[in-house]
Amino acid sequence: MISRLIIVLLLIGLAPGLHAAPATAPAGGDEIQSLESSLKEAEGAAKPDADLIGKLRTRLEAIRHEQQRLQQAQARIEAARLIQRDGQKRLDRLIAKSRESLPMPVLAGLDVEHISGLLQQTIADEQAVQERLEASVRARTEVEQRSETLRQASLAAPPAAPAPPPPGEAPLLARAGKLLAGIRQQANEAESQALALEQATQPLALQLARATHQLAQHELEQLHRRREQIEAALNARRLAEAQATQQSASIAAQYQSHPLLKRLAEDNQGWADRLSEMTQRLGEVTRQREDAARRTEAMREDMATLKKRLEQLGLGPVIGNLLLEERADLPSDAQLARRIKDNRTTVGDIQLLDLDLAHEQQALAAPLTLISQLLLDTPEEEQARLTPDIQRLLKDREDILQRLDAIKPPLLLAVDDLEFALESQRRAVRDFSGFIAQNLLWMPNARPLWRTSWADYRDSVLALLNLRGVWDALHQTVRGLSAHPWTPTGFALLFIGLLAIRPRLRARIRELADRPFGQRGETLWTTLGAIGLVGLFALPWPVLVAGIGFRLRETTADGGLAEGLGQAMILIAPLLLYARASLSLFHPNGLAERHFGWSPQTLETLRRAMHLFIGGVLPLGFVAALAITMDTEAMRDGAGRLSFMLTLTVLAVMFGRLLHPRGGIILHWRMTHPRHWSVRLAPLWFALGVGLPILFAALAAVGYFYSAGILTQKLVTSLWLALALAVVYDFGLRALRLAQRRLESQREQAAPPPPRIGGEGEGMSLVPLGMDVDQISLQSRKLLNFSMVVAMLFALYAVWAPILPALGFFDQILLWDYRGEIKGELVTVSVSLGDLLLSLLMLFTMWMAARNLPGLMEILLERWTGQDAGTRYATITITRYIIIAIGLVLILGGLGLQWSQMQWMVAALGVGLGFGLQEIFANFISGLIILFERPVRVGDLVSIGDQTGHIKKIHIRATVLEDFDRKEIIVPNKKLITEQVTNWTLSDTSTRVLLDVGVAYGTDPREVEAILVEAAHSVEDLLPDPPPLVWFMGFGDSALNFRLRAFVADADNKLGTTSELHYAIEKALRDHGISIPFPQRDIHIRDISGLNQKLFQEPKPT
C-alpha cells in the first residue's frame, strides 16, 4: 500500500504547477475520538472488562487501518484527476522543452578565473541534472511496473461487503463495528474509483514519465557539450598564458652579460617549460577523458541497439556480421590497462613537481636572504648593478611558480576523471565483449552453401588464382624491399645461415640420438640440447615464410591480395614449424625412438600423418586464410569456405588413419597397454577424431563459418599442446630413468660399512639408509603423471577459455518459473536451459565422484592413516552418501525444487515408508547404524544363526557375507541389528584352538603333557601369550584323554594353524614312541557248536 502511495506522489511530481487539493478531514474522526475516550474510561474502571477492552482496541486498530486505506485511495484519485485534467499540457511542455537548446556562454575576453567559475557552475548543474535523470529512471520503471499491477488488480475479485455486527453485542462494540463497516465500505469504493481512474490515465502517466526522462537526458547532453566547450576554452586560455610566460622567459638577451643572471634566466626558462608542459598535458588528459567517455557511451548504445536487433531479428547472418565488426573495433583490455598505467605516471610527475615547488617556494619566501646568498661571491661594485635584475628574475619565477601551483588541482582532477573514464570504458568493453562472445558462436555469419550461386564460387576462385594480382603483389614487395632493405636482408641472412648449418645439425642430432642410454657423461642437457637442435633444423622454411609474410603486410595496407598473402603466411608459419619439427622428432632411429622409447610402428604412422598435414592441410589452410583475410564477403563465403571445408576433410582423413581402432597408434597402444582404461574408448577416439572435423565442415556449410573456424582453431591448438606435453612427459620419464640409474650406480659403488667388533650384534653389517630405488621411481612417476594431468587441464582451459562465455547463451533460453525466497523476500526465479545443463553436469559429476572418489580415498586412507579395512570402508561409504545427498540438494535447488516445496513430499514419503516400505526403510536405517556404530565391519568374521563367514560389503539394504565355501550370502541389515550376531574379530582377532588327544594306557601323563606343550610351542602361528596349556581330562574307554588349549592371532588362520598343530603333535608322539589307541571290542561266544554247524554245513544243490 505504501509503494502505491509513493507511485502516486511520483506521478504528482511529474506535473509542476499542479497543486493537490486540500487534505480532507479523516472520515469518522469525531466518532473515533469518542470511542477512544470510551476505551480509556473502560480501562480506568474499578472492575475493567478485559474482553470488552481487547475487542474494542482491536476494532479501533482496524478502523485506523481502513481510514489509512481511504486516505491513500483519495490521494490516488486526486493524483489521477490532476493527470487527467492537466497531464496533456504538461506532456506538451516537456516535449517542447526537450527540443530546446541550451545557450552556450560567451567566453571571449574572460580570464582563467572567470572561465573556471563557469566550469564549476556547469559541473554542479550537470550533477543536479544527473540526479534528476536517475530519479526519472526510477519513476519510469515504477510507472511501467504499475501497468502490470493495475492489470492484475482489474482481474482480481472485488472486495467483499463488510459484515454487519453480530446481534447481542455490547453497545460500545456495536458502535465501533458500525463505524468500521462504514469506513471500510468507503475505502472499498474509493479504491475501486482510484483503480478505474488510474487505468484510464496510465497511458498518459507513462508518456509523462518517459518525457521527463528524455528531457533530463537532453539537458544532460546539453550541459555536457557546454562543459566540453568551457573546458576547451579554459585549456586554450591556460596554454596561451603558459606559452606567453615561456616566451617572455626566453627573451633573456639582457641577462647574457653575467653568468649569475644567465643561470637565473635559464632556471626561469626551465620552470616556464614545465608550466607549458603541464598545461599541454592538462589539455591532452581532458581530451582523452572526453574521448573515453564518448566511446564508452557509444559502446553502450551499440550494445543496446544490438540487443534490440537480436530480439527482433533473432540469430541470423546480419547480426553475426555486425557482432564481428563490433568486436574488431573494440579496444583490447591490455591497451586500456596500459593507458591507465600511463595515466598514473602523471600523478607521479605531479608529486615530483609538488616537491620541487615546495623547495623553490621555501627559498623564495625570503628574497633578500636569497639575493645575499646569490651575490656572496660577487664583488661589491657589481652587487648594486645586479640586484635589480635579480629581483626582477625572482619575481618572474615567483609568478611562474604560482601558475604551476594553480594548475596542479585541475590537472589532478582531470587525471582522476580520466582514470574513471578509462575504467568505465574497460568495464563497457568487458560487458560488450562478453555479450559478443556469448552470442557470436551461435550466430551464422554467412549464407548456407546451397544458397550461394556457383557463379559466385567460380568468380571468387578465379580472383584468388589471379596471377596478375600475385605478380603485382610481388612487384610491390620488391619495391618495398628496395626502400627498406635492412629487415628483409636480416631474414634472408638468417634463412641462408640456417640452411647452411642443416647438415651439421642433422649429424649432431643423429649422434645424440645414437648415444646409448646411461653412457658416462650423459645428462638431461643431452636430450634438451637435441630437442633444441630439432627446432633449429626445422626453422629455415618457417622463417622464410614468416619473413615474406611480414614484408607483404608492411608494404601494403589496402586489404588486397598482397596483404592477404602476408596475413596468410604469418598464420601458416607457426604450423609449418610445428609440423617440420615433429617430422624431425619422429625420424627413424631419431630422438623420439632412441631417447623416448616410441615404437617404430607408431612413429611411422605419425610421420605419414605429418606428411599429410604438410602436403594437404597447410596448403588448403593457406588458401582459406588468404581468402578470409582479403576481407570481402564474396571471397570469404566462396573460395574461403570451400578451401576451409576441404581442409577439414583432409584433417578427418588424417585423424582417421591415426585413431583407427585396428591400426595406427591406437593398435600399438592396445598391444602395449591392454588393460589401460583408454583402450576401451578406442571407438570413441576414432569417432571424435573423424566426426569433429566433419561436424565443423557441416557448420561452415550451413552458415556458421566463424563458429566452425574458431572451434577448428581451438581443436588444432589443443592437439599440438597435447603432442608437446607428450614430449615433455617422455622427457620427464627419461630424467627419472637417468636419476634412477645414477642412484643405483652410486649405491653399488659405495663401500659396505665395516662390521661391528664385539658386543651385541657382532659380525652384523649396518643396512644402508634410504628408500628403495624402485619405490622412489614409482612415487616420482606418480608425481610426474599428476603434474602432466594438471598441466594439460590448465593448457586446455587457457585454449578454450575465450569461448566459454558462449555457454551463457543457454541462460537466455527460459524453461519455467518458480516462486523462491531470496533474503526473506518472495521473488519469481526463472530456470533456464543453462541451469538444466548445469544440473546435468552436476549429476554426472556427482555420479563420477560417488563412483570413483571412494577408490582414491581407499588409497589415501590406507597410505596416510592406520585405519583398518572396516573403518576405511565405513568412512568411504558415508562419504559416498554425503556426496549423493549434497549433489541431489544442489541439483534439485538448481531446478527450482526447494525444501519448502519438497517437505510435503518428504512427509508423504515418510508415511509411505512407515507403512508400505517399512522393511526396506528399517534395513536402510540399520545400514546407517552399522556404518556409524560399527558392530560389524568389512572383513570381520561373524556368525549369524547357522551362517559363518566374512563381511564382504555393506550396502544400503543388505550386507554381503562370504562363507568358507566362497559363497555369498545376502543378509538384511535389520538382521544384524535385531538378532544375535557373533563377531569373532570385533575387538580382538585372536581366537582359541582346542585339541583333544588320547594316548594308550600305560603312558606317563606328565611326559605327555610336556610333549604336547613342546609341540604347541613349535607351531609359529600360535601366540606365546597366553601360553599353551594341557589338561588331563580323564580316563576313556581305550585311552588317557588330554586337552590342549592354545591361541591363534587371526581367526582366519585357525584351520591352517590347527592342521599344523596336528602335524606337530603326531610327530612328537611318534618320536617318543607313544601310540594313539583306537577303540577295541571283545566278543564272547557262549555256544560255538551252532556256529560250527552253520560254517561247515554243505551247501544245497541249486
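The values are calculated or read from the model by the stated rules, or taken from the named source; none is laboratory data. Keep in mind it's a predicted model, so treat the numbers as computed, not measured. Note that each Cβ is placed from the backbone with ideal geometry, even for glycine, and that neighbours are counted across all protein chains shown.
At a glance:
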| quantity | calculated |
| --- | --- |
| Only one of Gln199, Gln217 that is closer than 30 Å to Glu131 by Cβ and at pLDDT 75 or above | Gln217 |
| From the options Pro619, Pro574, residue that is part of a helix (DSSP H, G or I), free of Cβ contacts under 8 Å to residues at least 12 places away in the same chain, out of contact with any strand residue (DSSP E or B) (no Cβ under 7 Å at 6 or more places or on another chain) and surrounded by fewer than 18 Cβ atoms within 10 Å (Cβ to Cβ) | Pro619 |
| Lone qualifier among Leu107, Leu119 - being assigned to a loop (DSSP other than H, G, I, E, B) and either free of Cβ contacts under 8 Å to residues at least 12 places away in the same chain or assigned by TED's automatic domain parsing to the domain that holds Pro203 (or both) | Leu107 |
| Residue in region 370-385 that is touching a residue at least 40 places away in the same chain (Cβ under 8 Å) and closer than 24 Å to Thr279 by Cβ present | no |
| Any hit, region 1008-1018, residues being surrounded by 19 or more Cβ atoms within 10 Å (Cβ to Cβ) and either assigned to a strand (DSSP E or B) or not aliphatic (A, V, I, L, M) (or both) | no |
| Pick from region 289-332, criterion under 26 Å from Thr629 (Cβ atoms) and touching a Ser or Thr at 6+ places or on another chain (Cβ under 8 Å), ranking: surrounded by the fewest Cβ atoms within 10 Å (Cβ to Cβ) | Arg327 |
| Residue match in region 364-377 (condition: crowded, with 18+ Cβ neighbours inside 10 Å, part of a helix (DSSP H, G or I) and not β-branched (Val, Ile, Thr)) | yes |
| Output for region 474-519, where each listed residue is charged (D, E, K, R) and either more than 30 Å from Phe596 (Cβ to Cβ) or modelled with pLDDT of 75 or more (or both) | Arg479, Arg502, Arg504, Arg506, Arg508, Arg510, Glu511 |
| Residues satisfying the stated conditions in region 410-451, i.e. out of contact with any helix residue (DSSP H, G or I) (no Cβ under 6 Å at 6 or more places or on another chain) and hydroxyl-bearing (Ser, Thr, Tyr) | Ser433 |
| Among the candidates Phe964, Phe1032, Phe1047, Phe1042, residue that is assigned by TED's automatic domain parsing to the domain that holds Ser943, touching a residue at least 12 places away in the same chain (Cβ under 8 Å) and either surrounded by 12 or more Cβ atoms within 10 Å (Cβ to Cβ) or under 16 Å from Ser943 (Cα atoms) (or both) | Phe964 |
| Options Phe810, Phe794; residue that is assigned to a helix (DSSP H, G or I), at pLDDT 65 or above and surrounded by 15 or more Cβ atoms within 10 Å (Cβ to Cβ) | Phe810 |
| Residue among Gln68, Gln84 that is in a helix (DSSP H, G or I) and either at pLDDT 85 or above or loosely packed, with under 14 Cβ neighbours inside 10 Å (or both) | Gln68 |
| Residues of region 943-980 that turn out to be of a type in the set (Lys, Arg), in a loop (DSSP other than H, G, I, E, B) and at pLDDT below 75, as a count | 1 |
| Enumeration of residues in region 1019-1068 that are modelled with pLDDT of 85 or more and of a type in the set (Gly, Ala, Ser) | Gly1034, Ala1046, Ser1059, Ala1064, Ala1068 |
| Residue in region 927-935 that is over 21 Å from Ala1049 (Cα atoms), at pLDDT 75 or above and acidic (Asp, Glu) present | no |
| Residue match in region 856-879 (condition: surrounded by fewer than 17 Cβ atoms within 10 Å (Cβ to Cβ), modelled with pLDDT of 70 or more and assigned to a helix (DSSP H, G or I)) | yes |
| Meets criteria (closer than 25 Å to Gln84 by Cβ, of a type in the set (Asp, Glu) and surrounded by fewer than 17 Cβ atoms within 10 Å (Cβ to Cβ)) for Glu189 | yes |
| Per-region count, region 684-715, residues within 26 Å of the chain's Cα centre (by Cα) and over 11 Å from Asn445 (Cα atoms) | 9 |
